[in-house]
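The values are calculated or read from the model by the stated rules, or taken from the named source; none is laboratory data. All of these numbers come straight from a predicted model, not from anything done at the bench. FYI the Cβ positions are ideal-geometry reconstructions off the backbone, even for glycines, and counts take in every protein chain you see.
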Amino acid sequence: MNTARLRLVSSLILLPLLAGLALAQSPAARTQPPPAPAKKSDAPKAAAKEAADAQKPFWNLKVTKGTPRLLTFKSKNAPLPEVAADISKKLGAPVLLSPLMQKQRVTLEFENVPLEGAAGMFAPVPYVDYELSGAGDGQPKLVAIYLYALNEEPPSRTAVVKGNEEAILIEGNTEEGTEAYEKQKEKEDLPLRVKFERNHLSVRAVKQPLTIILFQIASKVDIPFDMKYESTELVDVDFSNYTMEQAVRTLSPNIRLYVRTNLTNYETTPLRMMLVPPASSQPSTEN
């Protein structure tokens with residue numbers, strides 16, 4: 001075999017080998033390394049983060065203006081004291097929690113619910129204090145909200161509604177004890193008669209001072225009477241079985257009656273009565 005033929009055979013043998021080597025070294029031919037296995041600690045961390053996000057508190061509260069006040073609320077695991085503070089700010093009235101309710105969290109969702117109904121969603125036993133007036137449109141004015149749990153002592157009557165003075169009136173009839181007075185009493189024809197039975201009020205007054213009438217009502221109802229204004233008004237009135245609100249509106253626009261309503265049974269308890277100066281005699285706040 002000559003040298004030229006040997007070289008040709010060698011070349012034919014090397015060409016396939018070189019082609020295979022080049023193909024093996026090309027980027028397309030390179031095999032990608034397998035992905036690294038996930039660390040065993042990643043799954044628990046992801047689950048813990050998801051659980052933490054699920055428990056992260058949030059709430060959104062909207063309160064309409066005007067009457068009635070409607071609440072729209074959505075929350076998840078929100079601390080009730082913080083929610084109560086937000087409600088108080090938007091309503092312009094204190095929202096007080098019992099010791100047990102101060103520890104609660106709330107997850108709720110409702111839309112356009114009246115204030116009284118919404119209060120019952122936040123606590124098992126809600127109370128509301130109102131101011132009733134003989135003036136204006138007659139709508140009760142919100143004074144305070146209380147959110148309490150079952151079997152807890154109700155809030156104090158003076159928790160929010162307080163008075164700095166209480167009227168003490170000394171009164172009497174110069175004819176009391178006489179035969180004429182006793183006959184008049186038997187006929188129930190006295191110039192002033194006040195009865196309070198089953199949360200309803202009956203009053204008959206003939207040219208009696210308003211302050212005397214209110215003092216008698218407060219005594220019968222067993223509530224304090226604050227006299228911020230010494231009225232000289234004489235009243236002629238005769239009504240029977242009025243609610244306290246009806247009585248207030250009938251007697252004078254200068255009366256303020258504070259009451260508390262238990263929203264679980266809608267029982268209303270009078271708290272305090274006040275006589276204030278007429279609106280025309282109060283100093284103007286305008287510049």
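Just to be sure, is VAL259 in contact with a helix residue (DSSP H, G or I) (Cβ under 9 Å, 6 or more places away or on another chain) and modelled with pLDDT of 95 or more? So VAL259 fits the description; yes.
Here's the yes/no breakdown for (1) surrounded by 14 or more Cβ atoms within 10 Å (Cβ to Cβ); (2) not hydrophobic (A, V, I, L, M, F, W, C):
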position: LYS65; (1), (2): no, yes
position: ARG69; (1), (2): yes, yes
position: PHE73; (1), (2): yes, no
position: LYS76; (1), (2): yes, yes
position: LYS89; (1), (2): no, yes
position: GLY92; (1), (2): no, yes
position: LYS103; (1), (2): no, yes
position: VAL106; (1), (2): yes, no
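Checked against (1) surrounded by 10 or more Cβ atoms within 10 Å (Cβ to Cβ); (2) among the hydroxyl-bearing types (Ser, Thr, Tyr); (3) modelled with pLDDT under 70, THR31 passes all but condition (1). Meeting the requirement of 2 or more residues that are within 15 Å of ARG204 (Cα to Cα) and in the same structural domain as SER202 (by TED's automatic domain parsing), the strands (runs of 3 or more DSSP E) wholly within segment 218-282 are 234-242.
Being among the aromatic types (Phe, Trp, Tyr) and surrounded by fewer than 16 Cβ atoms within 10 Å (Cβ to Cβ) is the filter; apply it to segment 237-271 and report the residue that is farthest from the chain's Cα centre (by Cα).
Step one: filter segment 237-271 for residues among the aromatic types (Phe, Trp, Tyr), giving 239, 242, 258, 266.
So of that shortlist, the ones also surrounded by fewer than 16 Cβ atoms within 10 Å (Cβ to Cβ) come out as 239, 266.
Working: PHE239: 35, TYR266: 16 Å.
Going through the qualifying residues, I end up with PHE239.
Only one entry of MET227, MET244 meets the criterion of being aliphatic (A, V, I, L, M) and farther than 25 Å from TYR146 by Cα, and that entry is MET227. Across segment 234-265, the number of residues qualifying as over 21 Å from GLU131 (Cβ atoms) and touching a residue at least 12 places away in the same chain (Cβ under 8 Å) comes to 9.
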